[in-house]
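*Asks:* Next up is a structure, given as structure tokens.
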Amino acid sequence: MSVVATNMNTINHLSTTCKIPNLQSPICFHRKPFSTSLLPLLPKTLNGFSYSSSVSRRSRLIIPKRRFSVSMEWQDCSVKMEVDVPVSVAYNFYLDRESFPKWMPFISSVEVLKDKPDLSRWSLKYNAFGQDIKYSWLARNLQPTPNQKIHWRSLEGLPNKGSVRFFPKGPSSCIVELTVSYEVPAVLTPVASALRPFLENLLRGGLERFAALAKTT
């Protein structure tokens with residue numbers, strides 16, 4: 001037998017099967033169609049992908065089904081301060097929402113809705129962290145406790161809620177405790193760790209002006 005014929009027989013043999021040492025069965029190069037009868041035996045998801053049991057004979061498209069959840073970070077800020085006015089004076093002065101821009105540094109405007117006085121539109125404007133920060137929201141004042149508690153929550157716009165509590169300390173002074181909870185805006189997420197102390201400092205400065213103005217009423 002010639003060398004050429006011998007080589008051709010070897011190539012034909014390898015094109016059909018190829019045996020690898022330590023394996024009991026040969027590896028075939030011929031691909032067989034996937035049997036749909038095995039589908040019920042497979043799990044419904046494979047590595048995060050799902051499949052349908054109705055498989056077309058011509059083609060089968062597997063579409064990944066993934067769920068994405070976005071969890072926004074909420075922060076709480078709380079400050080308290082002694083105010084040298086009776087608790088009733090501090091309470092009534094805080095009820096005047098449209099006066100907030102006079103003493104809270106980052107509040108630019110507040111408009112109480114005339115037909116719905118429990119609702120008010122708020123605008124925030126402040127330069128911080130190298131950018132002009134502007135937000136607005138519609139808030140609802142919840143049922144207050146006279147001379148003790150005022151609280152609110154936003155209905156639209158910047159998500160926030162909070163309360164202010166009044167504790168009498170004597171006939172002519174009281175403690176005012178302000179707590180604000182807010183959802184950190186996406187643009188401020190990189191500085192979220194610095195945002196709380198920064199805002200608490202602003203709130204403390206606002207209460208200082210609140211205390212000074214309350215004594216003039």
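The values are calculated or read from the model by the stated rules, or taken from the named source; none is laboratory data. All figures in this text were calculated on a predicted structure; none of them were measured in a lab. FYI the Cβ positions are ideal-geometry reconstructions off the backbone, even for glycines, and counts take in every protein chain you see. Note: areas computed on protein heavy atoms with side chains; ligands, DNA, RNA excluded. Shrake-Rupley method; radii C 1.70, N 1.55, O 1.52, S 1.80 Å.
*Asks:* If you take the residues of segment 127-136 that are free of Cβ contacts under 8 Å to residues at least 24 places away in the same chain and assigned to a strand (DSSP E or B), which of them is surrounded by the most Cβ atoms within 10 Å (Cβ to Cβ)?
*Replies:* So, considering only residues that are free of Cβ contacts under 8 Å to residues at least 24 places away in the same chain and assigned to a strand (DSSP E or B), the one surrounded by the most Cβ atoms within 10 Å (Cβ to Cβ) is Ser136.
*Asks:* Run Leu188 past the list (1) in contact with a strand residue (DSSP E or B) (Cβ under 9 Å, 6 or more places away or on another chain); (2) closer than 20 Å to Gly205 by Cα; (3) at pLDDT below 95 and report the number of the one that doesn't hold.
*Replies:* The failed condition is (2).
*Asks:* For a quick check of your reading of the model, give me the residue pairs whose first member lies in segment 78-102 and is among the small types (Gly, Ala, Ser), whose second is open to solvent by 50 Å² or more (accessible area, probe 1.4 Å) and assigned to a helix (DSSP H, G or I), with beta-carbon atoms closer than 8 Å and at least 6 apart or on different chains.
*Replies:* Final answer for the pair search is Ser99/Leu213.
*Asks:* So, in segment 109-126, exactly how many residues are over 19 Å from Pro185 (Cβ atoms), touching a Leu at 6+ places or on another chain (Cβ under 7 Å) and surrounded by 13 or more Cβ atoms within 10 Å (Cβ to Cβ)?
*Replies:* 2
*Asks:* Would you tally the residues in segment 137-190 being part of a strand (DSSP E or B), under 17 Å from the mean Cα position of the chain (by Cα) and more than 25 Å from Lys116 (Cα to Cα)?
*Replies:* Here the count works out to 1.
*Asks:* Only one of these conditions is not met by Arg204: (1) surrounded by fewer than 16 Cβ atoms within 10 Å (Cβ to Cβ); (2) at pLDDT 95 or above; (3) under 20 Å from the mean Cα position of the chain (by Cα). Which number is it?
*Replies:* With (1) surrounded by fewer than 16 Cβ atoms within 10 Å (Cβ to Cβ); (2) at pLDDT 95 or above; (3) under 20 Å from the mean Cα position of the chain (by Cα) applied to Arg204, the lone miss is (3).
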